[in-house]
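**Q** Submitted below is the structure of interest, expressed as structure tokens.
The values are calculated or read from the model by the stated rules, or taken from the named source; none is laboratory data. Keep in mind that this is a model prediction, so the values were computed, not measured. Using ideal geometry, Cβ is built from the backbone for each residue, glycine included, and neighbour counts are taken over all protein chains shown. The protein model used for the area step is the full one, side chains on, heavy atoms only, and it has no ligands, DNA or RNA in it. Shrake-Rupley method; radii C 1.70, N 1.55, O 1.52, S 1.80 Å.
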Amino acid sequence: MPRILKYNEAKQKIMQFIKVAALDIGDRLPTERELAGQLGMSICPIRRAMDELQECGIVRRVAGAGTFFEGNLNLNTCESVCGLINIGDKCYPGGAELYRLKNYLEKHNAGHALFYVSRKPEPAVLDELAGCDRLIVTGFINQGWVDLLGSLGKPMVQLGTAAYDAGLSKVIFDRASAIRLVLETFGRESRLGALLPVDSETCYSEQLRRTIATGMGANYDEHLVCSLSFDEDRISRMARYFEQNLARLDVLLVETAHLSSLLLLLACRPRTIDIPIVILEEGDLMPIGFEAMPNLYHIFYPESAIECAARILYEYPYSFLEQRRDYLLRPCLEGNGIRRCVENVEPLQMRQK
């Protein structure tokens with residue numbers, strides 16, 4: 001794990017302080033000791049950060065008078081660039097997530113760069129990543145890529161989980177709470193079924209299967225949890241699943257990857273499937289036509305995963321990265337006039353590994 005340079009964090013915090021305080025050119029900044037107290041840092045990184053900000057033309061020190069704001073916050077020499085590396089999955093991030101990332105980074109005088117790479121490590125990409133001072137990595141994470149990116153010595157956060165445990169701080173979806181929400185809403189004795197995707201490389205379905213089994217305890221029936229591959233027979237196999245198991249089910253979980261097939265099946269057989277169906281969506285977008293379906297519910301996560309990863313990199317680097325803490329995205333369940341959420345006690349609540 002690369003060590004986070006404290007003066008880099010101090011520099012970003014001072015620039016954010018200037019923006020929040022809406023200082024005009026010529027306004028005096030607090031003393032270095034006052035800034036250290038207000039920003040929760042020691043004076044040494046504050047002093048080095050002020051040295052660099054003076055070199056960039058953002059502040060000007062006057063002996064015996066203090067330090068004054070000179071403007072120039074948008075100079076490229078002082079911008080931060082957050083690199084987002086997606087390994088083997090060109091579908092993420094979508095436009096909404098990129099918009100949120102861009103808006104957040106602008107508050108920190110920062111930009112972003114996207115890198116879509118293959119699963120095989122590509123050393124040539126290191127030259128392009130040299131311009132990034134923070135990294136977010138997601139997709140099919142493997143040891144080769146972790147070793148390669150780690151060689152840059154830059155702060156790095158992982159989005160989601162992968163088959164390979166990279167030992168990085170992660171932003172992860174709290175699936176255990178999602179299963180608890182379902183059982184608390186529809187009854188802890190409910191017979192729960194699930195339609196999951198086949199994804200042996202990411203282990204997502206297997207992890208979710210284990211989470212369901214843990215949440216249900218003795219009521220878990222492995223035969224009611226089915227993984228469907230993405231092929232032309234998916235709808236017919238989904239129909240067979242209902243024919244064989246519907247009488248035994250009280251509630252069904254459907255991973256969002258199967259939503260289009262499910263809606264098509266429901267349109268063809270609207271009276272056949274009348275149990276509550278809960279769509280599992282690792283995001284915050286409501287499925288199209290969701291409100292019109294009387295027995296459909298939606299598990300979603302109000303917080304933006306990519307924005308939380310950026311917040312960790314720019315606001316909480318020590319507590320998360322050096323102590324290798326994870327951030328759990330808390331779920332909500334919504335549908336038919338019901339809305340139940342698992343709330344964080346405080347913003348960016350941490351979970352120690």
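**Q** Being outside any helix (DSSP H, G or I), of a type outside the set (G, A, S), buried (at least 18 other Cβ atoms within 10 Å of the Cβ) and at pLDDT 85 or above, is that true of even one residue in the range 198-209?
**A** Scanning the range 198-209 turns up no residue that is outside any helix (DSSP H, G or I), of a type outside the set (G, A, S), buried (at least 18 other Cβ atoms within 10 Å of the Cβ) and at pLDDT 85 or above.
**Q** Here's something else I'd like to know. Quick one: which of H108, H112 is open to solvent by 10 Å² or more (accessible area, probe 1.4 Å), modelled with pLDDT under 85 and either in a helix (DSSP H, G or I) or in contact with a helix residue (DSSP H, G or I) (Cβ under 9 Å, 6 or more places away or on another chain) (or both)? Outline the logic, then answer.
**A** Details: H112 fails: modelled with pLDDT under 85.
It is H108.
**Q** If a residue has to be open to solvent by less than 30 Å² (accessible area, probe 1.4 Å) and among the aromatic types (F, W, Y) to count, how many in the range 131-189 make the cut?
**A** Total meeting the criteria: 1.
**Q** Go through (1) assigned to a helix (DSSP H, G or I); (2) surrounded by 21 or more Cβ atoms within 10 Å (Cβ to Cβ) for D127 and report which single condition fails.
**A** For D127, the exception is condition (2).
**Q** Just need a number here: residues in the range 20-65 that are small (G, A, S), surrounded by 13 or more Cβ atoms within 10 Å (Cβ to Cβ) and more than 18 Å from K6 (Cβ to Cβ).
**A** 1
Here is a yes/no grid of residues against (1) at pLDDT 90 or above; (2) acidic (D, E); (3) in a strand (DSSP E or B); (4) open to solvent by less than 10 Å² (accessible area, probe 1.4 Å):
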position: L84; (1), (2), (3), (4): yes, no, yes, yes
position: D89; (1), (2), (3), (4): no, yes, no, no
position: A96; (1), (2), (3), (4): no, no, no, no
position: Y99; (1), (2), (3), (4): no, no, no, no
position: Y116; (1), (2), (3), (4): yes, no, yes, no
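**Q** Looking at the range 35-48, I want the residues that are on the phi < 0 side of the Ramachandran plot and have a partner that is of a type in the set (G, A, S) and loosely packed, with under 13 Cβ neighbours inside 10 Å with Cβ atoms under 7 Å, at least 6 apart or on another chain. Which pairs are those?
**A** Hits for this filter: A36/S42.
**Q** Give me the pairs, please: first residue somewhere in the range 6-26 and aromatic (F, W, Y), second residue anywhere and open to solvent by 50 Å² or more (accessible area, probe 1.4 Å) and at pLDDT 80 or above, beta-carbon distance under 9 Å, and either six or more positions apart or on two chains.
**A** So the pair list comes out as Y7/C44; Y7/R47; Y7/R48; Y7/D51; F17/Q38.
**Q** Quick check on my filter: what residues within the range 131-164 are charged (D, E, K, R) and under 16 Å from L321 (Cβ atoms)? Don't jump to the end; show me each part of the working.
**A** Keep residues of the range 131-164 that are charged (D, E, K, R), which gives 133-134, 147, 154.
Within the range 131-164, D133, R134, K154 qualify.
**Q** Pull out all pairs, ordered by first then second residue, where Cβ-Cβ is under 7 Å, the residues are six or more apart or on different chains, the first lies in the range 52-66 and is on the phi < 0 side of the Ramachandran plot, and the second is open to solvent by 40 Å² or more (accessible area, probe 1.4 Å) and assigned to a loop (DSSP other than H, G, I, E, B).
**A** From the range 52-66, the pairs are C56/N72; C56/L75; I58/E70; I58/N72; V59/E70; R60/E70.
**Q** State all residues of the range 136-172 that are among the charged types (D, E, K, R) and not in a helix (DSSP H, G or I); if no residue qualifies, say none. Lay out the reasoning, then the answer.
**A** If we filter the range 136-172 for residues that are among the charged types (D, E, K, R), which is where we start, we get 147, 154, 165, 170.
K154, D165, K170 - these are the residues of the range 136-172 that are among the charged types (D, E, K, R) and not in a helix (DSSP H, G or I).
**Q** Would you confirm, using the coordinates I've provided, whether C268 is at pLDDT 80 or above and open to solvent by 30 Å² or more (accessible area, probe 1.4 Å)? Explain how you work it out, then say what you get.
**A** Details: at pLDDT 80 or above: no; open to solvent by 30 Å² or more (accessible area, probe 1.4 Å): yes.
In short, no.
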